[in-house]
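*Asks:* Mind having a look at this structure? Questions to follow.
What follows draws every value from the coordinates through simple rules; no lab data is involved. This one's a predicted model, so the numbers in the text were calculated from it and none came from an experiment. FYI the Cβ positions are ideal-geometry reconstructions off the backbone, even for glycines, and counts take in every protein chain you see.
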């Protein structure tokens with residue numbers, strides 16, 4: 001059996017080749033994340049059936065919780081999670097905080113979808129790219145020593161994304177009741193702020209060596225705890241239980257949306273790990289294009305609207321994609337990567353983590369002091385329990401009574417699965433999921 005331990009890279013040529021592979025892997029992970037994060041938002045269209053956005057978000061988080069533990073258990077086993085926690089226990093707090101931020105942001109996106117629609121709300125909350133660039137520069141030495149061309153690419157791309165977002169906001173406010181459209185715009189932008197800030201704990205975790213599969217397991221406790229508190233606070237216990245009971249027929253679809261979101265988020269985590277949050281967030285924000293396709297082709301959003309609205313929405317989306325492309329092409333130089341390593345060294349010293357472990361994990365390999373990951377009966381029990389819960393709710397589910405165009409839905413689903421296969425195989429071959 002081939003060992004998961006990759007030898008250290010001693011020669012400059014090996015280091016350069018490895019860095020290039022990890023950069024390409026991060027880019028591929030970002031695009032794959034975009035496809036899956038875009039698909040995950042499709043079930044939130046159930047808000048149009050009259051369910052409370054808080055109930056929809058809570059049920060999705062239940063699906064997220066099941067996936068956050070079963071997927072890492074299946075890939076590496078919970079022994080790997082325990083080993084990471086022993087080395088960096090401080091990151092549990094950061095993971096919980098990130099989970100709380102995600103829960104609030106996700107709830108705000110559902111309000112935004114209800115008020116302005118999926119195809120318009122998506123690009124607005126993807127303003128988190130701007131915060132990702134700022135936090136990456138301020139806290140983690142990203143874009144340091146990058147050169148003026150890469151600075152121009154990143155900042156110019158961010159400016160183009162802002163223009164695209166403005167076009168989409170104008171389109172939404174001109175086509176919907178003013179009270180609802182502006183509320184939806186602010187909800188989407190607020191979600192972008194929270195999600196952009198959420199990436200600070202991500203980057204701290206990966207600079208100090210924690211595996212993304214380990215980080216997300218504790219992340220989910222923050223999600224579920226915060227989401228439960230929000231639902232109880234706003235609705236009350238009895239009304240919440242009543243709404244959950246009335247939503248029984250669509251439980252499966254919302255939980256499935258949470259599960260799909262976890263797959264996208266895992267690839268987003270690997271993108272943040274290998275290309276940084278200043279580039280990883282814009283890459284994963286290609287989900288706005290997937291959201292546009294799901295919204296227009298599958299759910300018929302914008303049907304019957306004026307041609308000017310279509311021009312604004314499509315033009316705004318293309319502008320945002322052009323900005324993402326500019327940021328993507330501004331790849332990190334060797335000088336900038338050296339600054340990343342300085343930030344990693346600083347974080348390692350702050351939390352008393354051995355340098356060899358941090359360096360190995362930044363290179364996407366196991367350190368010499370780590371034991372080989374293994375699965376136990378507990379891991380298989382977690383996978384079996386999650387599968388049984390999904391199967392139970394799937395058996396009682398019914399198709400929601402909303403307009404749905406099946407051929408585009410099947411095509412988009414096939415493309416999403418293809419990206420999963422290609423990126424998953426590449427990730428395994430390059431890093432063994434480390």
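*Asks:* Tell me, what is the Rg over Rh of region 273-363, with Rh the Kirkwood radius over Cα pairs?
*Replies:* That ratio is 1.23, to two decimals.
*Asks:* Please work out the Kirkwood hydrodynamic radius for region 286-434, using every pair of different C-alpha atoms, and report it in angstroms with one decimal place.
*Replies:* 20.8 Å
*Asks:* What is the calculated FRET efficiency for residue 333 to residue 421, with r their C-beta to C-beta distance and R₀ = 51 Å, to the nearest 0.05?
*Replies:* 0.95
*Asks:* Also: Students often check this: by mean Cβ neighbours within 10 Å, which of 345-357, 139-151 ranks highest, and how do the rest follow?
*Replies:* Output ranking for 345-357, 139-151: 139-151, 345-357.
*Asks:* Ranked by Cβ crowding within 10 angstrom, fewest neighbours first, how are 221, 267, 393 ordered?
*Replies:* 221, 393, 267
*Asks:* Testing the spin-label approximation: label points 7 Å from Cα along Cα→Cβ at residue 404 and residue 391. State their distance in nm.
*Replies:* 2.2 nm
*Asks:* Pairing the Cα long axis of helix 53-75 with the longest principal axis of the chain, what angle in degrees results, from 0 to 90 and rounded to the nearest 10?
*Replies:* Long axis of 53-75 versus the principal axis of the chain: about 30 degrees.
*Asks:* Compute the helix-to-body angle for 251-275: its Cα long axis versus the longest principal axis of the chain, expressed 0 to 90° and rounded to tens.
*Replies:* Its long axis makes an angle of about 40 degrees.
*Asks:* Sticking with this structure for a sec: What angle do you read, to the nearest 10 degrees and between 0 and 90, between the alpha-carbon axis of helix 237-246 and the longest principal axis of the chain?
*Replies:* It is inclined by approximately 80 degrees.
*Asks:* Here's something else I'd like to know. When the chain is fully extended, how far beyond the present Cα-Cα distance does residue 341 get from residue 310, taking 0.36 nm per residue of separation?
*Replies:* Gain in length upon complete extension: 6.6 nm.
*Asks:* In a solvent-free Debye calculation with one equal scatterer on each Cα, what is log10 I(q)/I(0) for region 59-138 at q = 0.16, 0.20 Å⁻¹, listed in the order of the q values?
*Replies:* -0.88, -1.09
*Asks:* Please rank 279, 429, fewest neighbouring Cβ atoms within 10 Å first, as an exposure proxy.
*Replies:* Ranking 279, 429 by Cβ neighbours within 10 Å, fewest first, gives 429, 279.
*Asks:* So if each residue of separation counts as 0.36 nm, and I subtract the Cα-Cα distance between residue 303 and residue 15, what length gain in nm does that give?
*Replies:* Separation in residues times 0.36 nm, less the Cα-Cα distance, equals 98.5 nm.
*Asks:* For a protection proxy built on the mean count of beta-carbon atoms within 10 angstrom, sort 66-77, 199-210 highest first, please.
*Replies:* Highest to lowest by the protection proxy: 199-210, 66-77.
*Asks:* Quick one: if you stick a label point 7 Å off each Cα along the C-beta vector at residue 322 and residue 248, how many nm between them?
*Replies:* Here the answer is 5.3 nm between the modelled labels.
*Asks:* Using R₀ = 25 Å, calculate the FRET efficiency as 1/(1 + (r/R₀)^6) where r is the Cβ-Cβ separation of residue 93 and residue 354; round to 0.05.
*Replies:* Efficiency at R0 = 25 Å is approximately 0.75.
*Asks:* For the peptides 269-276, 184-191, 325-332, 236-243, what is the packing order when you average, over each peptide's residues, the other Cβ atoms within 10 Å and list the highest mean first?
*Replies:* Order by mean packing, descending: 269-276, 184-191, 325-332, 236-243.
*Asks:* Could you please rank 296, 389, placing first whichever residue has the fewest other Cβ atoms within 10 Å of its Cβ?
*Replies:* Ordered by Cβ neighbours within 10 Å, fewest first: 389, 296.
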